[in-house]
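S.K.: One structure follows; several queries about it will come next.
The values are calculated or read from the model by the stated rules, or taken from the named source; none is laboratory data. From a predicted model like this one, the values you see are computed outputs, not experimental measurements. Here the Cβ is made from the backbone with ideal geometry for all residues, glycine too, and neighbour counts use every protein chain on show. For accessibility, only protein heavy atoms count, side chains too; no ligands or nucleic acids. Shrake-Rupley method; radii C 1.70, N 1.55, O 1.52, S 1.80 Å.
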Amino acid sequence: MTALLRVENLVKHYAPGQGLLSRLLGQKPRMVQALNGVSLEIRAGETLGLIGESGCGKSTFGRAILRLHEPTSGSVRFGGTDVLALDPAALKAMRRRMQIIFQNPYASLNPRKTVAQILAQPLRLHGLASGAELQERVRAMLAHVGLRPSHAERYPHQFSGGQRQRIGIARALILNPEFVVCDEPVSALDVSIQAQIIELLARLKRELGLTYLFISHDIAVIGYVSDRVAVMYLGEIVETGPARAVLHAPQHPYTKALMSAVPGGGAEDRVRLLGDLPSPMDPPPGCRFHTRCGFATDLCRSTVPPQRALQGERMVACHHFPETPP
Amino acid sequence: MTEPLLEITDLRVAFHARHGKVRAVDGVSLTVAPGECLGIVGESGSGKSVTFAAVMGLIRPPGRIEAGRIRFAGRDLVGLDAASYRQLRGRDIAMTLQDAQTSLNPALTVGTQIIEVLAAHGEGNARARAVEMMTMVGIPAAERRLGDYPHQFSGGMRQRMMVAIALSCRPKLLIADEPTTALDVTIQAQVLELIASIRAKLGMSVVLITHDLGVVADYCDRVAVMYAGQIVEAGRTADIIGSPRHPYTEGLLASVPDLHNLDRPIRPIEGQVPDLIDLPPGCRFLPRCPKARPDCAKPVPMRAVGEGRNVRCVLT
Amino acid sequence: MKRLLPGRLAQAAALTVLAFVLLAACAPLVAPHDPADTDLFRRLQPPAWMVNGDWSYPLGCDALGRDILSRIIYGAQVSIFIGVVVVLIATVIGVMAGLAAGYLRGWVDRVISGLVDILLGFPYLIFAVGLMAMMGPGVLNMVLALAYKEWVVPCRVVRGETLAARETEYVEAARAIGASGLTIMLGEILPNILSPVIVVATVRIAQVIILEASLSFLGLGVQPPTASWGSMVADGRAFILDAWWVSTFPGLAILLLVLSINVASQAVRDALDPRLHD
């Protein structure tokens, strides 16, 4: 399969909001190293699951490849086009092909607009439809995501969380994109509604031939929807590979800890993490995970581990695992 | 069987809203035995948090306990005066809230906040005990960190601090309301294991309110599943997760992906939670139930099916 | 109307404001006399209910024998016109500047916020007095002098609201579908921050009316023979002990209108604040 999206060495550093005192004292802001050289490939037609805990940079990654946040350096190539080099007009055109679904269905819809206005806006902005055709496409999209035509004239607050998420999905898909970033699309929903949205996303992917980057902290959901997964820790990818292989036989100690922490597997024989997540402003040297890893050695504390390719299209960034490299 | 520590009988709590009466808890009965861990599972609007807010005496207007009894260690809690409740809260029953970020006062040091609770309940050497509790929940260098403010703690540490404060007076019952929802899985595991180990050490009872059946499976002896203000199924955890009898429990189990069995397809529950103002007289799950029959439209009582197991469904 | 203005006091205040607006709008029809018609025989004639009063001049006459009631009605025209026009201009400019500063950040924000800080450093009245002294009196100049500084108020409100709104996911979603900065500012952010802008604008109308009166009182505002409440109060100062009505009635008019606007705008604020509903 060919790569639809190829990200190389993506870096995003930003200055956090500074406190008044430190500004008065003239302290230099320390940079948050949200993404630290991330390379990933997303193949046409697949769902790549991106797992990681809060603050690991997974949402920043999703926004950086769409240039909703400008990356500091690196390259993002989408179907041969260098996304980071696009001028505003070309970027606008590119947005038709790359879309995003947000986590919070309560915050991602403008409360002052009706559903019809929300869904018509993308088509209007790109001059794709007007008049009766526009109405028709809005209606068709509503039906596609399981909403009724009568819902078009309502405002977002008149819907439940699950229905709002359907509206958010409709807005992203009405431009017929090829690639969609799903940023925690079910995390804010009730359990029984989560399944509805997961099913909907799967059906739309089949029907429209979409490619997804599915970002979530819920490992079971990631395992269910993804063809391949990538595991992120403190702005770096520590492991990638086919979803089942990685989730059922994790190699990186961090992935192992994540898998064993998932509830439902019994509370015994957990791989425990030491201490707390280090600050992304002051990441540890060497392997970024060494401060919490039970297997860390001096090598881990001093040297950044190489990304080692394993059999079965897998990659692990660890000095010690797997113990017998292929 | 021993006398239950907590016994709730036919509890009804309603909130008076502008457009009608919201029946948030509608006839809930349950017991918690000493030393037991009971899981309460339900989605938003199921009444799981309101039920235990009632136990804590935290229902305020426009909310009202309309009927029912809450007995804790031989005492009736409904109608208890404010002073007695203050005595009870913290010392005998403690509660940790969902959001540790906002439950700690940002303007006070964590030391002040835990020592305050200990002193209020007449603990002699409050400072030493605070350090002991913080060490127990796994806060390193506790002595030194007493002077820290909540923002200097990570999310997981704040949650553990909440647990330390909740447990500082050795309560008989800990109510943990969604203790892990805001946390990442690795920290979630830490907090749950902490609660489990302290429960074993102190012999206290725990009520774990959650929407995550996996959490229940790992930590709870018994579980009660709530839907739209009622318990629809209750019993031993292994029985309920292994062979659910109520279609809602079945639906809930089928709708979450299982990491250990990714080949099982997930099956969503269609439709939405009913409006608690405008409830159907019969089974509340009826509009979403794939197995609905005509007699489901009549009120459905809770029925005993086997040892310690109850189901609210005409099919059983 | 009931939702917008709960409470008797707020309704009474709103009716008072409405009454002033109607009087001002229909001044030629409702005023009993020409406000510039002088007659020294009526010099300092007292109100109708006092000795030597006359019901055809109900509030009495000023030093030139002009009817005070008619002058108050015509004066309302000036006050309300200047209040509304100044606030309208200031709001349009302030909203644009605030949106630009809050959404674009960077050097745009630094320039606009710097300007705002500098302007806030001057006391309002002294700033306006200085400008009027330079430009000369007159209605147009007064509108300009007040608007020069007034835009700062809505600008600060809008900038703050915009800073919060630009971080919301619906703004991010608009960027993701390719909306331009202008579309996002006007189409996404503005409709969501309109409530505080309206509340501030209503309160500021009252403030501007007071400033107009102050400038006219100092003789820098509207020039005679045009009636203005501020200059009427000033004219009466010399006779305050002998003919109290010359200053008092226009003073009361200012008080009543400003108070009514403030009470009504408080109710508007409550009605528009979503936190107070549901």
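S.K.: Of the options A:Ala93, A:Ser75, A:Ala34, report the single residue whose Cα projects farthest towards the positive end of the charge dipole of the stretch A:34-120 (beta-carbon charges: Lys, Arg +1; Asp, Glu -1).
M.R.: A:Ala93
S.K.: Residues with beta-carbon under 12 Å from that of B:Asn310, excluding B:Asn310: net charge, scoring Lys, Arg +1 and Asp, Glu -1?
M.R.: Spelling it out: positives minus negatives among the neighbours equals +3.
S.K.: Please identify the cysteines of chain A that lack any partner cysteine with a Cβ under 4.7 Å from their own Cβ.
M.R.: Within chain A, the cysteines lacking a partner Cβ under 4.7 Å are A:Cys56, A:Cys182, A:Cys293, A:Cys318.
S.K.: A follow-up question, please. Rounded to the nearest 20 Debye, what is the dipole magnitude of the stretch B:156-292 about its Cα centre when Lys and Arg each give +1 and Asp and Glu each give -1 at the C-beta?
M.R.: 460
S.K.: Output the DSSP H helices from chain C with an along-axis C-alpha extent of no less than 30 Å and a mean Kyte-Doolittle hydropathy no less than 1.0.
M.R.: Correct list, ordered by number: C:68-104, C:190-217, C:245-272.
S.K.: Going toward the positive end of the dipole of the protein assembly as shown, with +1 on Lys and Arg Cβ and -1 on Asp and Glu Cβ, which of C:Gly181, C:Leu44, B:Ala120 do you reach last?
M.R.: Of the listed residues, the answer is C:Gly181.
S.K.: If I model a spin label as a point 7 Å beyond the Cα along the Cα-Cβ vector, how far apart are those points for A:Ala140 and C:Ile118 in nm?
M.R.: 5.6
S.K.: Distance between Cα centroids, the stretch A:211-235 to the stretch C:177-242: provide it in whole Å.
M.R.: 57
S.K.: Shifting gears a bit: 222 nm [θ] for chain A, helices only, -39500 (n - 2.57) per DSSP H run of 4+, per residue, to 500?
M.R.: Helices in chain A give a 222 nm mean residue ellipticity of -9000 deg cm²/dmol.
S.K.: Let me ask something else about it. Could you compute how much accessible surface B:Lys21 exposes when probed at 1.4 Å, giving the result in Å² to the nearest 10?
M.R.: 80
S.K.: Share of the protein assembly as shown's accessible area from carbon and sulfur, percent, 1.4 Å?
M.R.: With neighbouring chains kept in place, the figure for the protein assembly as shown is 58 percent.
S.K.: Where the only charges are on Cβ atoms (+1 Lys, Arg; -1 Asp, Glu), what is the dipole of the protein assembly as shown about its Cα centre, to the nearest 20 debye?
M.R.: Dipole of the protein assembly as shown, to the nearest 20 debye: 580 debye.
S.K.: Within a Cβ distance under 14 Å of B:Val25, other residues only, what is the Lys/Arg minus Asp/Glu net charge?
M.R.: +4
S.K.: With every protein chain kept in the model, how would you rank C:Tyr74, A:Tyr155, A:Tyr212 by accessible area, 1.4 Å probe, largest at the top?
M.R.: Per-residue accessible area, sorted high to low, gives A:Tyr155, C:Tyr74, A:Tyr212.
S.K.: For A:Lys113, which aspartates and glutamates qualify as cross-link partners when the Cα separation must be under 15 Å and same-chain residues fewer than eight apart are set aside?
M.R.: Counting by Cα, and skipping residues close in sequence, A:Lys113 has these aspartates and glutamates nearby: A:Glu153, C:Glu169, C:Glu188.
S.K.: Another question about this same structure. Quick one: Karplus J couplings for the stretch A:74-88, per residue in order, coefficients 6.51, -1.76, 1.60, θ = phi - 60°, nearest Hz, x for Gly and Pro?
M.R.: These are the phi-based 3J(HN,Hα) values: x, 9, 10, 10, 10, x, x, 8, 7, 4, 6, 9, 5, 7, x Hz.
S.K.: Threshold 40 Å², probe 1.4 Å: give the residues of the stretch C:140-171, in number order, that are less accessible with all protein chains present than with their chain alone.
M.R.: The answer is C:Glu169, C:Tyr170.
S.K.: Return the distance in nm (one decimal) between the two label points of a simple spin-label model at A:Thr2 and B:Asn105, each offset 7 Å from Cα along Cα→Cβ.
M.R.: Result: 6.4 nm between the two label points.
S.K.: Starting from the residue with the highest accessible area, list C:Arg175, A:Arg6, B:Arg267 in decreasing order, probe 1.4 Å.
M.R.: The residues order as B:Arg267, A:Arg6, C:Arg175, largest area first.
S.K.: Could you please put A:Glu133, C:Glu161, B:Glu193 in sequence from largest to smallest accessible area, using a 1.4 Å probe?
M.R.: So, going from the largest accessible area down, we get A:Glu133, C:Glu161, B:Glu193.
S.K.: Summing Lys, Arg as +1 and Asp, Glu as -1, what charge do residues with Cβ under 10 Å from the Cβ of A:Gln99 carry, A:Gln99 excluded?
M.R.: +3
S.K.: Shifting gears a bit: Can you give the Kirkwood hydrodynamic radius of chain C from its Cα pairs, in Å with one decimal?
M.R.: Computed over chain C, the radius equals 20.7 Å.
S.K.: Write down the accessible area per residue of chain A in Å², having rolled a 1.4 Å probe over the full set of protein chains.
M.R.: Each residue of chain A exposes 41 Å² on average to a 1.4 Å probe.
S.K.: I would also like to ask the following. Using a loss threshold of 20 Å², tell me which positions in the stretch B:192-227 are less accessible in the complex than in their chain alone. Probe radius 1.4 Å, ligands and nucleic acids ignored.
M.R.: At a threshold of 20 Å² (probe 1.4 Å), the residues of the stretch B:192-227 that become less exposed are B:Glu193, B:His211, B:Gly214, B:Asp218, B:Tyr219.
S.K.: Give, ordered by residue number, each residue of the stretch A:188-206 whose 1.4 Å probe accessible area is reduced by a minimum of 20 Å² on adding the remaining protein chains to the chain alone.
M.R.: A:Asp190, A:Val191, A:Ser192, A:Ile193, A:Ala195, A:Gln196, A:Glu199
S.K.: Give me the lysines in straight-line cross-link reach of A:Lys12: C-alpha distance below 21 Å, same-chain residues under 8 apart excluded.
M.R.: Reachable lysines: A:Lys28, A:Lys58.
S.K.: Here is a further query. Could you do me a favour and compute the accessible area per residue for chain B, 1.4 Å probe, result in Å²?
M.R.: 42
S.K.: Using a 1.4 Å probe and ignoring any ligands, DNA or RNA, find the accessible area of B:Arg145 and quote it in Å² to the nearest 10.
M.R.: Using a 1.4 Å probe on the heavy atoms, I get roughly 50 Å².
S.K.: Straight-line reach from B:Lys201: which lysines have Cα under 29 Å away, leaving out those fewer than 8 places along the same chain?
M.R.: A:Lys256, B:Lys48, B:Lys172
S.K.: Given the protein chains as shown and a 1.4 Å probe, how many square angstrom of C:Glu167 are accessible, to the nearest 10?
M.R.: 120
S.K.: Would you grab the residues whose amide H sits under 5 Å from the one on B:Val13? Only those 5+ places off in sequence or on another chain, please, with H modelled 1.01 Å from N.
M.R.: Sorted by chain and number, the residues that satisfy this are B:Ala24, B:Val25, B:Asp26, B:Gly27, B:Glu66.
S.K.: What total accessible area, in Å², is buried where chains A and B meet, using a 1.4 Å probe and rounding to the nearest 100?
M.R.: Buried: approximately 3200 Å² between B and A.
S.K.: Continuing with the same structure: PRE reach from A:Asp282 (point 7 Å along Cα→Cβ): which of the stretch A:288-317 fall under 19 Å by backbone N?
M.R.: Within reach of a label on A:Asp282: A:288-293, A:301-302.
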